[in-house]
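Values in this text are rule-based calculations from the coordinates and carry no lab data. Keep in mind the model is a prediction, meaning the values are calculated, not measured. Here the Cβ is made from the backbone with ideal geometry for all residues, glycine too, and neighbour counts use every protein chain on show.
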Amino acid sequence: MSTPVTQRRGSIWRTVKAVGWSFVGLRARSDYEQDVAQLNPVHIVVVGLVGLLVFVGSLMLLATWVVGK
């Protein structure tokens, strides 16, 4: 029987690493299976949204910098 989602206690660093690799699209199956078993889905969603905002903000800054020259 698996651990209830609310009691999973993955580290924040492991969550950031898992989300980062998913942005790139590279993840080993064994690492993915460990993430599913250990990480809290709520934490993954929050880190994913923060990563998305950072990515979009970076693109906006890059576009502003390029157009400004």
- Query: What do you reckon, is Leu52 of a type in the set (A, V, I, L, M, F, W, C), more than 18 Å from Gly10 (Cα to Cα) and either touching a Phe, Trp or Tyr at 6+ places or on another chain (Cβ under 7 Å) or not in a loop (DSSP other than H, G, I, E, B) (or both)?
  - Reply: yes
- Message: Every residue in region 23-34 that is free of Cβ contacts under 8 Å to residues at least 24 places away in the same chain and in a helix (DSSP H, G or I), please.
- Response: Val24, Arg29, Ser30, Asp31, Tyr32, Glu33, Gln34
